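The values are calculated or read from the model by the stated rules, or taken from the named source; none is laboratory data. Predicted model only: the values in this text are computed from it and were never measured. For neighbour counting, all protein chains shown are included, and Cβ atoms are generated from backbone atoms with ideal geometry for every residue, glycine included. Remember, those area values only see protein heavy atoms, side chains included, never the ligands or the DNA or RNA. Shrake-Rupley method; radii C 1.70, N 1.55, O 1.52, S 1.80 Å.
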Amino acid sequence: KDTEGAQYFVDWIWEDLENQIGIPTQDIIVQTTLELEAQTAAQTALTAHLNPERGANQGAVVSLDGTGGVRVLVGGVDYGESQFNRVTQAVRQPGSAFKPFVYLAALRAGKSPWDMGMDASITIEDWTPENFSETHAGPIPLHKALAKSINTVAVSLGEEIGRDSVVTTAEQLGFKDLKPYGSLALGAQGQTPLVVAESYLPFANWGKRSEAYGILSISTADGTPLYDRIAPDAPVVLNPREL
């Protein structure tokens with residue numbers, strides 16, 4: 001039961017498996033990136049921390065190594081009840097998880113973490129974003145505004161440097177199909193959890209961008225190799241100043 005959630009991972013890698021060797025017609029051995037102990041722990045943690053009384057009946061967990069290898073992929077609470085993979089199929093708003101990409105775009109536009117931002121009311125067209133605290137701090141260094149996840153500063157910063165530059169930066173790291181809407185800086189455009197995790201990889205991988213993968217090798221039951229993954233060149237999308 002504890003490892004049943006690994007079936008979400010199996011479903012996810014199946015398309016890649018067929019692309020590499022076709023539909024299997026014999027017993028095969030597939031070596032994957034999944035860490036079963038971590039997978040089991042993540043499945044248990046997800047179940048333990050849901051709160052049905054607050055409407056939290058489902059969730060997902062994904063963890064990647066620095067090369068994009070998927071170590072944990074929990075697509076839902078119970079695979080037997082729902083095969084919908086919330087890691088790879090559920091398009092959800094990343095919210096404040098998007099803000100680091102706004103600040104990265106600001107760095108590229110010449111801003112410094114110690115430059116001052118303004119935490120004050122801001123209105124874009126007919127939209128006035130609010131802070132979670134429903135208060136304003138006034139002038140604040142950008143690094144503190146990011147640490148405190150202040151909405152108004154992120155939005156005003158995105159307006160100052162230009163939404164198009166935020167879109168370009170975020171998509172360079174892995175986000176997909178972003179539009180320069182006013183709410184861009186607050187992560188209002190849906191992405192899957194896997195895409196968000198992939199987009200964070202360059203921050204942990206010396207600036208290199210990698211796509212998620214799950215298969216290392218495939219062989220027949222008697223050990224005849226059918227496929228061995230060759231790591232593709234990973235483009236560098238961050239320079240040392242931006243890490």
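Descriptive notes on the structure:
- Residue in region 160-170 that is of a type in the set (Ser, Thr, Tyr), without any contact (Cβ under 8 Å) to a residue 24 or more places away in the chain and more than 29 Å from Val72 (Cα to Cα) present: no
- All of Gln20, Gln43, Gln7, Gln58 fail the test of being touching a strand residue (DSSP E or B) at 6+ places or on another chain (Cβ under 8 Å) and either surrounded by fewer than 19 Cβ atoms within 10 Å (Cβ to Cβ) or closer than 22 Å to Pro225 by Cα (or both), apart from Gln20.
- Region 46-60, residues that are assigned to a helix (DSSP H, G or I) and more than 19 Å from the chain's Cα centre (by Cα): Thr47, Ala48, His49, Pro52, Glu53, Arg54
- Residues being outside any loop (DSSP other than H, G, I, E, B), more than 15 Å from Leu184 (Cα to Cα) and open to solvent by less than 80 Å² (accessible area, probe 1.4 Å) - total across region 103-120: 3
- Test: residue in region 77-86 that is within 30 Å of Gln172 (Cβ to Cβ) and within 13 Å of the chain's Cα centre (by Cα): yes
- Within region 124-143, the set of residues being assigned to a loop (DSSP other than H, G, I, E, B) and of a type outside the set (Asp, Glu) comprises Thr128, Pro129, Asn131, Phe132, Ser133, Thr135, His136, Ala137.
- Inside region 188-233, residues that are closer than 12 Å to Gly68 by Cα, under 14 Å from the mean Cα position of the chain (by Cα), open to solvent by 30 Å² or more (accessible area, probe 1.4 Å) and small (Gly, Ala, Ser) make up a count of 1.
- Among the numbered conditions (1) modelled with pLDDT of 95 or more; (2) at positive phi; (3) among the small types (Gly, Ala, Ser), the only one that Gly69 does not meet is (2).
- Conditions (1) part of a loop (DSSP other than H, G, I, E, B); (2) within 30 Å of Leu73 (Cβ to Cβ); (3) in contact (Cβ under 8 Å) with a residue 24 or more places away in the chain; number of the one not met by Gly182: (2)
- Residue match in region 27-45 (condition: within 30 Å of Glu134 (Cβ to Cβ) and not basic (Lys, Arg)): no
Yes/no matrix, rows are residues, columns are (1) farther than 20 Å from Tyr200 by Cα; (2) of a type in the set (A, V, I, L, M, F, W, C); (3) outside any loop (DSSP other than H, G, I, E, B); (4) open to solvent by 80 Å² or more (accessible area, probe 1.4 Å):
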| site | (1), (2), (3), (4) |
| --- | --- |
| Glu81 | yes, no, no, yes |
| Ala97 | no, yes, yes, no |
| Phe101 | no, yes, yes, no |
| Ile122 | yes, yes, no, no |
| Ala145 | no, yes, yes, no |
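- Residue under evaluation Ala147, criteria (1) at pLDDT 95 or above; (2) touching a strand residue (DSSP E or B) at 6+ places or on another chain (Cβ under 9 Å), criterion not met: (2)
- Residues in region 17-32 that are more than 27 Å from Thr44 (Cβ to Cβ) and either assigned to a helix (DSSP H, G or I) or not hydroxyl-bearing (Ser, Thr, Tyr) (or both): Leu17, Glu18, Asn19, Gln20, Ile21, Gly22, Ile23, Pro24, Gln26, Asp27, Ile28, Ile29.
- Filter result for Leu64 (hydrophobic (A, V, I, L, M, F, W, C) and open to solvent by less than 30 Å² (accessible area, probe 1.4 Å)): no
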